[in-house]
């Protein structure tokens, strides 16, 4: 085939996977290539143009911005793509024999990258969704860990797309809040789910990673009484039985606010008790735990008030 053979825009679109509209935009706005013209004024592309556009498409799919790379010459584009390929191969060699994880999320991407997880290695960690999505095609993976503050009706479809890109069925979604129906849809799709905050050992256990060991606690230090001002720690307004009734009550609020508020009250009440009973190494620890106890009790009381108000608005009897 001649190096000067010309291709129509339709042929180039099929060869490169770039839509005709995008080809026109890349050429007009970013000067990615400079096509010729037929006698009738139709765009014509050379073999060199096709190679260049193929490289640009591969790099954009990986996460690069067309506006930043369109001005680079073809050799520089080859080198850039080669660097990404070398990086992928290096990561694959380093992770041989371990469970290779890809992690997405504002908190977990950093936390799991820094953590030492027996039997596993994080090969991809991102807080930017589009970059994470693009990198999945390059990474050699065994499992995905995805962090969402909120699960909504679109989440199951997004997770399915990520599973396909990663070519892995081992997926764990760590989430803050979500409707029971949306969470259940993830579970039916074979996705493991875990409420945040997520313990690293719980993550590795749910993903079935071998070699996980749980460290035993050190010997407890002496217990020192914390001087808690009981007047500043509001008493519980909702009993355990009342919370259970509110948690199981049906509601017309589609976002299930009463149920989520129950979870918040339970979590705060648990930490309220924990901070009161936490071990103290010295008087400074005792003072800190006293502060945490009172502050958590005040926060719990505020959420209790919100829950009671919501229950009344929904006509829920507790």
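Descriptive notes on the structure:
- Evaluated at q = 0.16, 0.18, 0.21 Å⁻¹, a Debye calculation over the C-alpha positions of region 7-78 (equal weights, vacuum) places log10 I(q)/I(0) at -0.49, -0.62, -0.85.
- Extended-chain gain in nm, criterion 0.36 nm per residue less alpha-carbon gap, residue 273 and residue 82: 63.2 nm
- P(r) of region 95-206 over all Cα-Cα pairs, binned every 10 Å from zero, in whole percent: 15, 52, 30, 3
- Peptide ranges 139-145, 302-308 listed from the most packed, as the mean C-beta count within 10 angstrom indicates: 139-145, 302-308
Read-outs: derived from the displayed coordinates by stated rules, not from any lab. Please read all numbers here as calculations on a predicted model, not as lab measurements. Because the Cβ atoms are built from the backbone with ideal geometry, glycine has one as well, and the counts that use them run over all protein chains shown.
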